[in-house]
Structure formats: C-alpha cells, structure tokens
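Each value in this text was obtained by applying a stated rule to the coordinates, not by laboratory testing. Here the structure is a predicted model, which means the values were calculated and not measured. We place every Cβ from the backbone using ideal geometry, glycine too, and count neighbours over all the protein chains shown.
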Amino acid sequence: MFDSFDIGKSIEGIWNKMAGWLDSIILNLPNFILATLVFIIFVFVAKYIGKGFNNIFLRRGVQHSIRQISVKIIKVIVIAIGFFIALELLNLDKMLTTILGAAGVVGLAIGLALQGTLNNTFSGIILSFLPEIQIHDWVETNGYAGEVLEVNLRNIIIKESDNNHVVIPNSMIVEDTFKNFSRTARSRVFVNVGVGYESDLEKVEKITTDVIKNLFDQQGEEEVEFAYTEFGDSSINFVVRFWTDVSRQKDILMAKHKAILGIKKAYNEHDINIPFPIRTLDFGKNKFRSERLEIVTKKEDDE
C-alpha cells in the first residue's frame, strides 16, 4: 500500500490547491477591500445619522429613554445594511442564509440562558415608550418612591427623598403597579382628626371647612369634603378631604402639614379640644392600705 503512495504527486496537489486559493484571493482582493471600505463607511454614517436623529428628538422634546433606544435601533439598522452590502460585494450573499440559520440557533440558546435579562430588555423598551412614566417624574412602586433619573434597557433608577438611588429591574415595574404623582396636576389630600365628645359637632365642621377653604384654593368642581367617621375611644373622629397642586409625594406631606397647623390654631381660638387617650392604672391601692392597717393593729395588740 505504501509503495503505491506517491509523495511527489501529493505535494504537487497541495501546491496546486494553495495556488488556486492564492489566485482566488488575488482576484477577490479588490472586492474585499471595497467591501471593507463600504462597511467602515456605513459605521461612520450610522454614527452621524444617530447624532442627527438625537438632535431632532431633542428639539421635539422626546424623553431621554425613548431618544436613547431609538438612536441605538437606527444605528443597528444602518450598520446591518452596510454588512449585507459588503457580503454582496464578496459574492457571499448565498452564505447569508446559512449564517442567519446558525444565528437563529445560537440566538435561541442564548435566549433560553438569558430569559431574565431579555425580559428586562423588552420591559425597558416598553417603559421607554410609555407616556405614563418619564424622566423626572415622581413615582411610587415596589415599596419605593422617588424621582425617575434614568430608564435604560435593564433597569429604572429612582432617587428617593433621602437622596439614595434605587435600581429596580424593568420587569418588576412592568409586572407590578406603580403610582405616578407627576402625571396629574391636582390631587386629593386626606387629613384625619378627632375632637372631644363635649364638642359642638356642627361648629367643628364649619370651622374646619372654613380653615381648609382659606388655605387651599378649590378649582372648578373641587370642594372641601368633611365627614365624621366613628366614635373613638376618647374622641369623635372625622376626615376632611381637599384638593391641592401635587407633582411629588412631598407636596402631599406639606399640604397635610399646612392643614394640621391651620386646624390646630383655629381649634385653640375656639376652645375645641383634641383629646388624647387616657389610661387609668389600678394597683389595688385601697386593698394595700387595709392590709397595712391590719398589720399595724396586730402589732399594737402584741405589745
């Protein structure tokens, strides 16, 4: 078997094959250079087109998150077009089907391995185009409340009132409820108060509503609402509801603060009592005294 093997012919075949490859490379070198230049040009074009669209979005007041994602998508599309043109110049367009098929299999495997990350990514795209949540809005979600600083493809970043930043995955925002204080210019505020049982309830109602009306301007069909709610342990309790300008949670807090100061001052002027719970502790004082007298009497008898 080894006698029939001709090393010279084998080497000659290898050289012929390499020569054919070299000829192919030389023949396709201009196409390769042109394809490379085209791809590089499209990369630069994508960069400048992205800047152009970013400026357009800025002038139209598009929020940062939408602007960021839209510019990235535009860049990817332009670069992909340049890539396909480069393949066409290299006569590799037939190979594109094979590449896309392989990419589909690889993409499926990566998608299964990164389900959580992809979920956050798609949730970030959804949040970016939602008008209900934008940069600088004050939101409350997942037990946190603060100003929205950033919405990206992975998470949302909010700054709480204590100046700490909270990073929340996008999927948690999309799948859970959230309250946006900045989407409505006006909000209703609730203040709960209690007055003593000896109070004139009609007088209390009039004084309280007058105070709130003077402090907070009610617009349109808005009105101050007053209602007694229960007979408490030491007071008759009521709630007063009114409308005020609100853009963040702090506005509600300060409105309550202002209302409580005004109500307390008016109650002091009209001698209206705001009682606090009183608890009487019985230590059996009389029993202790009788036992002490009994001991003293017994001692005197012994003497």
The long-range amide H neighbours of ASN155, using H built 1.01 Å from N in the peptide plane and a cut-off of under 5 Å, are ASN170
In the neighbourhood of VAL167 defined by beta carbon distances under 13 Å, the net charge of the other residues (Lys, Arg +1; Asp, Glu -1) is 0
Which whole-number percent of Cα pairs in the range 186-269 have a distance greater than 14 Å? 62 percent
Pairs LYS213/LYS250; LYS72/LYS179; LYS159/LYS256; LYS213/LYS264; LYS206/LYS265; LYS179/LYS258: which exceed 18 Å Cα-Cα? LYS213/LYS250; LYS72/LYS179; LYS159/LYS256; LYS179/LYS258
How would you rank VAL151, VAL167, going from fewest to most other Cβ atoms within 10 Å of each one's own Cβ? VAL167, VAL151
The exposure ranking of ARG59, ARG241, fewest beta-carbon neighbours within 10 Å first, is ARG59, ARG241
Rounded, prolate or oblate for the range 132-180? Axes are the square roots of the Cα gyration tensor eigenvalues, ordered a ≥ b ≥ c, and the cut-off for rounded is a/c under 1.5. rounded
Separation of the range 178-195 and the range 232-268 by C-alpha centroid, Å? 11 Å
